[in-house]
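As C-alpha cells, the structure follows; a few thoughts come after it.
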Amino acid sequence: MGVITIRGIDNEIAKVLKEKAKKEGTSINTILLKTIRGALGLEKKKRAIVYDDLDYLAGTWNEKDYLEFQKKIADFEAIDEKMWK
C-alpha cells in the first residue's frame with residue numbers, strides 16, 4: 001500500500017475532517033479514506049433493509065389514538081349471525 005501526501009488542505013477542510021473524525025470516534029486518515037472511496041465509487045454499499053410491515057409504528061400511539069382506532073374498528077369485531085347459519 002502506498003503513501004500519498006495531500007497538499008493544499010485549508011483550515012475549513014481540516015476543521016471539518018477533525019470534527020467528523022471526533023464525531024465518529026476514528027482517525028482523520030480513516031475519514032479521508034472513506035471519503036475518497038465513496039467519491040470514487042469504491043465504497044461498499046450497505047444493504048438497506050426494507051420492511052413492508054408496520055413495526056415503525058409500534059409504541060407511537062397515545063391513549064387517545066388507541067381509543068379512536070378501537071372505535072373505528074369495532075364493526076369488524078361484530079359477527080353477522082345471518083352469514084354463519
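Annotation for region 47-84 versus region 6-29: alpha-carbon center distance of 48 Å.
What's the angle, to the nearest 10 degrees (0 to 90), between helix 11-24's Cα axis and the longest principal axis of the chain? For 11-24 against the chain, the angle is about 50 degrees.
Ranked by the mean number of other Cβ atoms within 10 Å of their residues, highest first, the peptides 47-58, 62-73, 10-21 fall in the order 10-21, 62-73, 47-58. Per residue, the accessible area of the chain comes to 106 Å², computed with a 1.4 Å probe over protein heavy atoms only. Site pair ASP65 and GLU19 shows an inter-label distance of 3.3 nm when each label is modelled 7 Å from Cα along Cα→Cβ.
Under the rule of -39500 (n - 2.57) per DSSP H run of 4 or more residues, summed and divided by the residues of the chain, what mean residue ellipticity at 222 nm is obtained, to the nearest 500 deg cm²/dmol? Don't skip to the end; give the middle numbers.
On the way: 3 runs with 41 residues, N = 85.
Helix-only estimate at 222 nm: -15500 deg cm²/dmol.
What is the sum of charges, Lys and Arg at +1 and Asp and Glu at -1, for the other residues whose Cβ falls under 14 Å from the Cβ of ALA78? Present the calculation step by step, with values, prior to reporting the outcome.
Working: positive: LYS71, LYS72, LYS82; negative: ASP75, GLU77, ASP80, GLU81.
Residues close to ALA78 contribute a combined charge of -1.
In the chain, the longest principal axis of the Cα atoms and the axis of helix 63-77 are about 50 degrees apart. Given [x] 12.7; [y] 8.9; [z] 7.9 as candidate values of mean projected area of the Cα convex hull in nm², which corresponds to the one derived from the coordinates? Only one listed value fits the structure, namely [x].
Straight distance only, please: which lysines reach the Cα of LYS18 with their own Cα at less than 28 Å, same-chain residues fewer than 8 apart left out? Those lysines meeting the cut-off are LYS34, LYS44, LYS45, LYS46.
Tally up the carbon and sulfur contribution to the accessible surface of the chain as a whole percent, 1.4 Å probe, everything protein left in place. Kindly include the intermediate steps, with their values, before the conclusion.
On the way: 5190 of 9040 Å².
Here it works out to 57 percent.
The values are calculated or read from the model by the stated rules, or taken from the named source; none is laboratory data. Just so we're clear, the structure is a prediction, and the values are computed from it rather than from any experiment. Positions of Cβ are generated from backbone atoms using ideal geometry, with glycine treated the same way; all protein chains shown enter the neighbour counts. For the accessible areas, the whole protein counts, side chains as well, though only heavy atoms, and no ligand, DNA or RNA atoms are used. Shrake-Rupley method; radii C 1.70, N 1.55, O 1.52, S 1.80 Å.
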